[in-house]
Amino acid sequence: MIAQLKKSTEQKMGKSIEAFKADLAKVRTGRAHTGLLDHIMVDYYGTPTPINQVAKVTLVDSRTIGVTPFEKKMVQAVEKAIRESDLGLNPAASGETLRVPMPPLTEERRKELIKVVRHEAENARVAVRNLRRDAIHGLKEALKKKEVSENEERRAQDDVQKLTDRSVAEIDRLLEQKESELMAV
């Protein structure tokens, strides 16, 4: 019972860290990468569709993303979706391909992005702590029902705390890495 509780808590904390990594990937640094456009939805004949299902997304160079729609008719729809996204990008059509240049980040914008990243990190830490609270609550319930001894419950609480500490340390490491990436000119 304790092993199962620890295992599910560990898996959930791992998922929280993965979600944090995905949130960090959406925050734009100075370099272009194809993952920036992953969350953009294109109006594909009335149905919102992920951009990578209607177009080929490639890197032209370190500051430019190339987007080639699979259908010629979709060029305007893809361009509109990129322009209206929250990324502040301005695609330029050249024939059947869209070129999406990455504007250089200003110092002010970098500081704003660091605030966003720190907020995401705090949300991830809170999620991990909530998982710890739930696990400890489950252990105390098991102790009340006399399913585990006090020593087992105490040891399991220590293990859950160690797991929490490791997860928070990983979140802090990822945050520090992203901050240095953002401040690199």
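Filter region 10-47 down to residues that are among the aromatic types (F, W, Y) and loosely packed, with under 14 Cβ neighbours inside 10 Å, then give me how many there are.
Residues that pass the stated criteria total 1.
Residue-by-condition table, conditions (1) touching a Leu at 6+ places or on another chain (Cβ under 7 Å); (2) among the basic types (K, R); (3) more than 29 Å from E179 (Cβ to Cβ); (4) in the same structural domain as I171 (by TED's automatic domain parsing):
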position: Y44; (1), (2), (3), (4): no, no, yes, no
position: P48; (1), (2), (3), (4): no, no, yes, no
position: K56; (1), (2), (3), (4): no, yes, yes, no
position: A81; (1), (2), (3), (4): no, no, yes, no
position: L89; (1), (2), (3), (4): no, no, no, no
position: A93; (1), (2), (3), (4): no, no, yes, no
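Of all residues in region 143-172 being among the hydrophobic types (A, V, I, L, M, F, W, C) and surrounded by 18 or more Cβ atoms within 10 Å (Cβ to Cβ), which is farthest from Q4 (Cα to Cα)?
Result: I171.
Confirm whether V185 is at pLDDT below 90 and touching a strand residue (DSSP E or B) at 6+ places or on another chain (Cβ under 6 Å).
So V185 does not fit the description; no.
Would you check if V100 is at pLDDT 85 or above and touching an Asp or Glu at 6+ places or on another chain (Cβ under 8 Å)?
no
Among the residues of region 132-154, write down those that are of a type in the set (K, R) and touching a helix residue (DSSP H, G or I) at 6+ places or on another chain (Cβ under 8 Å).
Of everything in region 132-154, those that are of a type in the set (K, R) and touching a helix residue (DSSP H, G or I) at 6+ places or on another chain (Cβ under 8 Å) turn out to be R132, K140.
Tell me which residues, restricted to region 139-153, are of a type outside the set (K, R) and not in a helix (DSSP H, G or I).
Result: E147, V148, S149.
Can you confirm whether region 57-64 contains a residue that is surrounded by 15 or more Cβ atoms within 10 Å (Cβ to Cβ), hydrophobic (A, V, I, L, M, F, W, C), closer than 19 Å to I40 by Cα and in contact with a helix residue (DSSP H, G or I) (Cβ under 6 Å, 6 or more places away or on another chain)?
Yes, because at least one residue in region 57-64 is surrounded by 15 or more Cβ atoms within 10 Å (Cβ to Cβ), hydrophobic (A, V, I, L, M, F, W, C), closer than 19 Å to I40 by Cα and in contact with a helix residue (DSSP H, G or I) (Cβ under 6 Å, 6 or more places away or on another chain).
Each row is one residue, and each column tells you yes or no for (1) farther than 30 Å from L131 by Cβ; (2) basic (K, R); (3) under 20 Å from the mean Cα position of the chain (by Cα).
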{"residue": "M13", "(1), (2), (3)": "no, no, yes"}
{"residue": "A22", "(1), (2), (3)": "no, no, yes"}
{"residue": "R31", "(1), (2), (3)": "yes, yes, yes"}
{"residue": "A55", "(1), (2), (3)": "yes, no, no"}
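The values are calculated or read from the model by the stated rules, or taken from the named source; none is laboratory data. Being a predicted model, the structure only gives us computed values, none of them experimental. Cβ coordinates were reconstructed from backbone atoms using ideal geometry, including for glycine residues, and neighbour counts include every protein chain displayed.
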